[in-house]
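S.K.: Pasting a structure below so you can have a look.
The values are calculated or read from the model by the stated rules, or taken from the named source; none is laboratory data. From a predicted model like this one, the values you see are computed outputs, not experimental measurements. As a convention, Cβ positions derive from the backbone with ideal geometry for all residues, glycine included, and neighbour counts pool all protein chains shown.
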Amino acid sequence: MKHFLEWSAQHVRPEEPWLILGKGPSFALRSRYDLSGYHLLSLNHAVREQSVLVAHAIDLNVVEACADVLEFQTRFLVLPWYPHVDNQPGTLSVDELRPNFPLLQRLADAGRLLWYDLSTSPVRHGPGPVVQATYFSAEAALNLLALAGVHRIRTLGVDGGTTYSNDFDDLKDKTLLANGRPSFDVQFQGFARTILETGVDVATLQAPSPVRIYVAHTEEEELPVAVLRHSVRRHASLSVEFVTLPAGSVSSDHGETPAIVLSPRAHCVADVRPLWMGGVGEGEIATPVDSPRYGDAIGLALVGTGCGSEVGHLARLLRAGSSAARLGALRPATRARLGSEWNPDTKFQAGRSRFVRYPPDGSEPWLSRTNPVGHLWVRDLLDAITRGTIGVDLLAAAIRRGHVRPSLGYQVEHRIEEPLLLPRRARLLDRGFRPPEGVPVGRQRLAATSVALAQALARCVERRVREYRAQSIRRMLAANR
């Protein structure tokens, strides 16, 4: 048996695209597309309905259920070294299982059985790397192809939600969400992680690619926009193209639409996939519905094809905090039909918020230490600097020009996520600091009260507990290698 990456080094050309086929509803659409230009990889039972180059499964139950088709529907079968059994990590390796599974033995003898180390097993067989999968097998499949160096990956039937394609009606009472997860949506967290870490181009067949996002900004907003870009990519389970437009530039035709247009003071805290997959009509500008929580300002718009000439103007209007009524005057086809949760909000609601908005009132986390959700913004700044997507030179230049508070440099250097927990020597750096011209100095929205400090301390303790547990798990895994 060969390790998957040993096999891929001989058989996979990075420039050739792959298509991952799952059991989701869009699997039924495959006849609409020319699949001949892709190498096909199936997830679990999808191999029943479509012949593929590689069939992937994590659970041994899938191999048993598809035993009568695997030999002629796929050229290669890839499994974790320790396959799961009944949705739980197994204790027997593929090598130990072969004597009791004639199919596995025949595939191994023919050089058609491949393996890899999966993160769910505490025991490692090979030298690495370990393939990550937290919730569903699609995460492992995407991670495998990215590790193999594949540049472009498309999906069909990997849809999220809570159901299968009708092709798999017979499985809905047997395997559907059998691992106890509430929906398939959680798998996209793993997709986002793989895209961010490897840069692989990932998209669905049924939606335009990449996700294009336009933001207009000034020089003073360069660092916040860099954090916005990273926050979008950190959560995005589809590849993103992020385009920045100088706020004072003359409008030009940005013909590559559809697109998402954002305010530069937005901060992404969720995956943009549902917004993008929802689609937008030709010539349409879709905005979030009115909600008293969000005020009059609109911070996001979804733009359809045929609106390329208006993208720049629209981006500048969003930067200025224009209302839905003002956007409606721009084009009659503007429709307030997106969920209100898509409008960037000044308050963060865990599980509901998609974007946070920092209004230009002096409370922005790059200007103030007391913003109630400042730790979320700093978290993404720290992550971006760690990953190299934001350079420390950009931060240093912003501090030098007076665009951000001086204590932010100390905070990054010492990796302190909570602005409220900065020591006195860091706070003293902000003496004499004044926000850029045009930004109100005013009173902060949230004083550093004992309640706010207690919340910050609680988050800090929780993070340290998580870090300790993660270190313990890493030590345990290292001991089992």
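S.K.: Of the conditions (1) in a loop (DSSP other than H, G, I, E, B); (2) modelled with pLDDT of 95 or more, Lys174 clears all except one; give me its number.
M.R.: (2)
S.K.: Sticking with this one: Taking the stated definitions as given, is Arg154 over 22 Å from Leu53 (Cβ atoms) and either touching a Lys or Arg at 6+ places or on another chain (Cβ under 9 Å) or surrounded by 20 or more Cβ atoms within 10 Å (Cβ to Cβ) (or both)?
M.R.: Considered against the rule, which asks whether it is over 22 Å from Leu53 (Cβ atoms) and either touching a Lys or Arg at 6+ places or on another chain (Cβ under 9 Å) or surrounded by 20 or more Cβ atoms within 10 Å (Cβ to Cβ) (or both), Arg154 comes out as no.
S.K.: Also, quick follow-up: Against the condition at pLDDT 95 or above, among the aliphatic types (A, V, I, L, M) and more than 24 Å from Arg154 (Cα to Cα), how does Ala138 come out, does it pass?
M.R.: The answer is no for Ala138.
S.K.: Continuing with the same structure: Out of the residues in the range 321-362 meeting the condition of being farther than 17 Å from Leu228 by Cα and of a type in the set (S, T, N, Q), tell me which one is modelled with the highest pLDDT.
M.R.: Ser340
S.K.: Return the only residue of Leu408, Leu394, Leu381 being in contact (Cβ under 8 Å) with a residue 40 or more places away in the chain, over 20 Å from Val269 (Cα atoms) and surrounded by 21 or more Cβ atoms within 10 Å (Cβ to Cβ).
M.R.: Selected residue: Leu408, the only one of Leu408, Leu394, Leu381 that is in contact (Cβ under 8 Å) with a residue 40 or more places away in the chain, over 20 Å from Val269 (Cα atoms) and surrounded by 21 or more Cβ atoms within 10 Å (Cβ to Cβ).
S.K.: Something else now. Test Asn100 against the stated conditions and say whether it is under 28 Å from Tyr164 (Cα atoms) and out of contact with any Phe, Trp or Tyr (no Cβ under 8 Å at 6 or more places or on another chain).
M.R.: no
S.K.: Still on this model: For residues in the range 293-306 being out of contact with any helix residue (DSSP H, G or I) (no Cβ under 8 Å at 6 or more places or on another chain) and crowded, with 17+ Cβ neighbours inside 10 Å, which is modelled with the highest pLDDT?
M.R.: The extreme case among them is Gly304.
Yes/no per residue for (1) closer than 23 Å to Pro274 by Cα; (2) in contact with a Leu (Cβ under 7 Å, 6 or more places away or on another chain); (3) in contact (Cβ under 8 Å) with a residue 60 or more places away in the chain:
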{"site": "Leu156", "(1), (2), (3)": "yes, yes, yes"}
{"site": "Lys172", "(1), (2), (3)": "no, no, no"}
{"site": "Ala192", "(1), (2), (3)": "yes, no, yes"}
{"site": "Thr198", "(1), (2), (3)": "yes, no, no"}
{"site": "His230", "(1), (2), (3)": "yes, no, yes"}
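S.K.: In the range 179-196, how many residues are surrounded by fewer than 17 Cβ atoms within 10 Å (Cβ to Cβ) and not charged (D, E, K, R)?
M.R.: So the answer is 6.
S.K.: Restricting the search to the range 206-222, which residues are surrounded by fewer than 20 Cβ atoms within 10 Å (Cβ to Cβ) and among the hydrophobic types (A, V, I, L, M, F, W, C)?
M.R.: Scanning the range 206-222 gives a single hit, Ala207.
S.K.: Asn371 is checked against (1) at pLDDT 90 or above; (2) farther than 14 Å from Gln411 by Cα; (3) more than 22 Å from the chain's Cα centre (by Cα); (4) not charged (D, E, K, R) and fails just one. What number does that condition carry?
M.R.: (1)
S.K.: Which one of Glu49, Glu15, Glu71, Glu96 is over 19 Å from Ala203 (Cβ atoms) and in contact (Cβ under 8 Å) with a residue 60 or more places away in the chain?
M.R.: Glu49
S.K.: Moving on to the next point. If you go through the range 315-347, how many residues are touching a residue at least 60 places away in the same chain (Cβ under 8 Å) and part of a helix (DSSP H, G or I)?
M.R.: The qualifying residues number 5.
S.K.: Now for a different question. Could you check how many residues of the range 418-430 are surrounded by fewer than 19 Cβ atoms within 10 Å (Cβ to Cβ) and in contact (Cβ under 8 Å) with a residue 40 or more places away in the chain?
M.R.: Of the residues in the range 418-430, 2 are surrounded by fewer than 19 Cβ atoms within 10 Å (Cβ to Cβ) and in contact (Cβ under 8 Å) with a residue 40 or more places away in the chain.
S.K.: Farther than 25 Å from Ala325 by Cβ and out of contact with any helix residue (DSSP H, G or I) (no Cβ under 7 Å at 6 or more places or on another chain) - does that describe any residue in the range 279-286?
M.R.: no
S.K.: Still on this structure: Does Thr370 count as out of contact with any Asp or Glu (no Cβ under 9 Å at 6 or more places or on another chain) and not aromatic (Phe, Trp, Tyr)?
M.R.: So Thr370 fits the description; yes.
S.K.: Given the residues Leu60, Leu147, which is the only one that is assigned by TED's automatic domain parsing to the domain that holds Glu16 and without any contact (Cβ under 8 Å) to a residue 60 or more places away in the chain?
M.R.: Leu60
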